[in-house]
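Read through the structure below, which is laid out as structure tokens, and then see the notes.
The values are calculated or read from the model by the stated rules, or taken from the named source; none is laboratory data. Note that the structure is a prediction, hence the values are computed from the model and not measured. Positions of Cβ are backbone-derived with ideal geometry, glycine not excepted, and every protein chain shown enters the neighbour counts. Heads up: the accessible areas ignore ligands, DNA and RNA and are worked out on the full protein's heavy atoms, side chains in. Shrake-Rupley method; radii C 1.70, N 1.55, O 1.52, S 1.80 Å.
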Amino acid sequence: MKTRIFTQGDRLISLAAILKNADGTVVDLSDASVKFTMENVLTRANKVDAKAAVVVDAEAGSVRYDWAAVDIDTPGTYYGWFIRQVGGLDAHYPVGDQLRIVILAKP
């Protein structure tokens, strides 16, 4: 499980990822839309609920999620997924796992 660390309220640095299949090959996002979901580890409540992510480079599987103020305002530990959507079907990335996102309190 990969851990990404951010500081409360810091929105300048987006959450970036390369989406890969279970065999490690990069996912081609040419015909896909991508969303992002993030939930609190303890309560399992959604902090981010399937909001649009940006496809940076479709052939390279590169995506990013640009934080809204409410997304990153509460320190804590969260799980996150990118959701690829093609023809009404979903696939979650990372495959069979999730990102651990830690939001640290402002110093």
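Structural remarks
- Candidates 19, 29, 89, ranked by Gaussian network fluctuation over the chain, Cα under 10 Å, top entry: 89
- Lysines with Cα under 23 Å of residue 106, excluding same-chain neighbours fewer than 8 positions away: 2, 47
- Here the Karplus relation 6.51 cos²θ - 1.76 cosθ + 1.60, evaluated at θ = phi - 60°, turns the backbone of the stretch 90-107 into coupling constants of 10, 9, 9, 10, x, 4, x, 8, 8, 7, 9, 10, 10, 10, 7, 5, 4, x Hz, with x for every Gly and Pro.
- Stretching residue 64 away from residue 106 to a fully extended chain increases their span by 12.8 nm, per 0.36 nm per residue minus the current alpha-carbon distance.
- Charge tally in the Cβ shell below 15 Å around residue 32, where Lys, Arg are +1 and Asp, Glu are -1, residue 32 excluded: -1
- If you take all other residues with their beta carbon under 14 Å from the beta carbon of residue 10, and give Lys and Arg +1 and Asp and Glu -1, the sum is 0.
- In the chain, taking the dipole from charged Cβ atoms about the Cα centre, the farthest positive-side position among 33, 5, 96 is held by 5.
- For the chain, the per residue solvent-accessible surface stands at 56 Å², with DNA, RNA and ligands left out and a 1.4 Å probe.
- Each listed q (0.22 Å⁻¹) maps to a log10 I(q)/I(0) for the chain, found by the Debye formula over equal Cα scatterers with no solvent: -1.20.
- With 0.36 nm allotted per residue and the present C-alpha distance subtracted, the residue 54-residue 30 stretch has 7.4 nm of extension available.
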